[in-house]
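What follows is one structure encoded as structure tokens, with my remarks underneath.
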Amino acid sequence: MELKIQNVTKKYKDLVAVNAFDGTLTPGIYGLLGPNGAGKTTLLRVVCALTRPTEGKVLYGNMEIEKLGAEYRKVLGFMPQNFGYYPHFKTERYLEYIASIKGLNPHYAKNKISSLLELVGLTEKRKSKVGHLSGGMRQRLGIAQALLNDPDVLILDEPTAGLDPEERVKFRNLISTISQEKITILSTHIITDVAYIASDILLMKEGHLTFRGSVDALIGMVQGKVWSTTVESCEIGGITKNYIVSNVQNTADQTELRIISGDKPTNDAVQVEPTLEDAYLFYTGEIGTAGGPENEI
């Protein structure tokens, strides 16, 4: 099972949203990372055959997905960033409706819906209206609709956006459980969502694929380049103008900074172990970046 993205470029007039993206994906979880405007959603729309590339092509099983048509849609599951739902539909009825749109056998769909409701923890909410579900429950419903046809290719665009930390942990665990035998692309700008579950990182910036590899490999690229230092509050402005600052922690009279730099930023700075977020900022951040332990960049 392979999904081949071959030199895909997508242009909108003078804007190049995706620029010569190239890669072959096999079963596993791929964390698609990048700042807003990096081209992640456009790439996913191309992979889902929702928009045609300006150049290049996408192949599944060595066949172009546009030529496969309905056969490709049978193996594809997609959860868009803002998936549509009817608030007055009951949860079970909504999944029945989506199953009918996908052309699934009614007997198969009934059994599949029951098992998916159990999988995503919504069995007790099967008769509840979708509009009455919490944000986390609706996101889990979005996963369920994407899995109705037991897809081989699963595309998740910002599935944890807006969820509280507890719901995000549940969601990550669910994705990890269901995705190992599928080609799963998880697009997000929340770094911690992929740190624990992704087998590979695909890092995009300005439409380009700038890095592909394991989480450990990406973190290893900034080994020896992450520093911790304590400064007076009046010094913060000057430091953030010259360095990427990934964390700011204030105390009573001083401030502890986490700085990403190839050179020692201050005389008393000490090296610390890098994280995936540090590596992400190193490749995509700009001077003056400052944030907390869970930046949503």
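The values are calculated or read from the model by the stated rules, or taken from the named source; none is laboratory data. What you see is a predicted model; the values in this text were computed from it and never measured. Here the Cβ is made from the backbone with ideal geometry for all residues, glycine too, and neighbour counts use every protein chain on show. Note: areas computed on protein heavy atoms with side chains; ligands, DNA, RNA excluded. Shrake-Rupley method; radii C 1.70, N 1.55, O 1.52, S 1.80 Å.
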* Asked: Using a probe of 1.4 angstrom, how much of the accessible area of segment 155-257 is carbon and sulfur, in percent?
  -> 48 percent
* **Cα-centre dipole for segment 1-72 with unit charges at Cβ (Lys and Arg positive, Asp and Glu negative), debye to 20** => 220 debye
* Most positive-pole-ward Cα, V270, I5, S214, against dipole of the chain from beta carbon charges -> I5
* **Sum of side-chain charges, K74 neighbourhood, beta-carbon under 13 Å (Lys, Arg +1; Asp, Glu -1)** => -1
* Only Cα pairs under 8 Å and at least 6 apart count here; give the relative contact order of segment 88-160 as a rounded whole percent. => 41 percent
* Asked: If r is the Cβ-Cβ distance from L119 to A217 and R0 is 30 Å, what FRET efficiency results, to the nearest 0.05?
  -> 0.40
* In nm, to one decimal, how far is the modelled label at R126 from the one at Q6, with both set 7 Å along Cα→Cβ? -> 4.5 nm
* So what is log10(I(q)/I(0)) for segment 1-154 at q = 0.13 1/Å, when the Debye sum runs over its Cα atoms only? -> -0.68
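Restricting things to Cα coordinates, could you compute the convex hull volume per residue of segment 178-264 in Å³? Could the numbers behind the result be given before it?
On the way: hull volume 11.4 nm³, N = 87.
Roughly 131 Å³ of hull volume per residue.
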* Taking the Cα atoms of the chain, report the difference between the largest and smallest coordinate on each principal axis, in whole Å and largest first. => 70, 45, 34
* Asked: What length, rounded to one decimal in nm, is gained on full extension from K110 through to K67, with 0.36 nm per residue of separation minus their alpha-carbon distance?
  -> 12.4 nm
* Cα-based shape type of segment 58-98, given that a ≥ b ≥ c are square roots of the gyration tensor eigenvalues and the cut on a/c is 1.5 -> prolate
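Give the accessible surface of the chain per residue, rounded to a whole number of Å², with probe radius 1.4 Å and ligands, DNA and RNA excluded.
Working: 14340 Å² over 297 residues.
On a per-residue basis, 48 Å².
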* Asked: In the P(r) worked out for segment 1-47, what percent of Cα pairs fall beyond 12 Å?
  -> 66 percent
* Asked: How big is the charge dipole of the chain about its Cα centre, in debye rounded to the nearest 20, if each Lys and Arg gets +1 on its Cβ and each Asp and Glu gets -1 on its Cβ?
  -> 1640 debye
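With N set to the number of residues, divide the alpha-carbon radius of gyration of segment 14-98 by 2.2 N^0.38 Å and report two decimals. Each step should come with its number before you reach the end.
Working: Rg = 15.4 Å, N = 85, 2.2 N^0.38 = 11.9 Å.
Working it through for segment 14-98, the quotient is 1.29.
State the percentage of accessible surface on segment 67-147 attributable to carbon and sulfur atoms; use a 1.4 Å probe and exclude ligands, DNA and RNA.
Values: 2330 of 4480 Å².
Ligands and nucleic acids excluded, carbon and sulfur give 52 percent.
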* **Sequence-distant lysines (8 or more away, or on other chains) whose Cα lies within less than 24 Å of K67** => K4, K10, K11, K40, K57, K102, K182
* Structure fact -> Applied in sequence order to segment 122-134, the curve 6.51 cos²θ - 1.76 cosθ + 1.60 (Karplus, θ = phi - 60°) yields integer Hz couplings, x standing for Gly and Pro, of 10, 4, 6, 10, 5, 9, 7, 5, 4, x, 9, 6, 6
* Structure fact -> Measuring from the longest principal axis of the C-alpha atoms of the chain, the long axis of helix 91-101 (C-alpha) lies at a number of degrees, nearest 10, equal to 70 degrees
* Where labels lie 7 Å past Cα in the beta-carbon direction, separation of E206 and E55 in nm -> 1.7 nm
* Asked: Under a point-charge model restricted to the Cβ atoms of Lys and Arg (+1) and Asp and Glu (-1), what is the dipole moment magnitude of segment 126-277 relative to its Cα centre, in debye to the nearest 20?
  -> 700 debye
* Structure fact -> dims of segment 149-297, Cα set, principal axes, largest to smallest, nearest Å -> 58, 30, 25
* What is segment 116-216 by shape, rounded, prolate or oblate, if you read a ≥ b ≥ c off the alpha carbon gyration tensor as root eigenvalues and call it rounded for a/c under 1.5, prolate for a/b larger than b/c, and oblate otherwise? -> prolate
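Quick one: if the Förster radius is 35 Å, what FRET efficiency do K241 and K13 give, using the C-beta to C-beta distance and rounding to 0.05? Walk me through the numbers on the way to the answer.
Working: r = 35 Å, r/R0 = 1.00.
Calculated transfer efficiency: 0.50.
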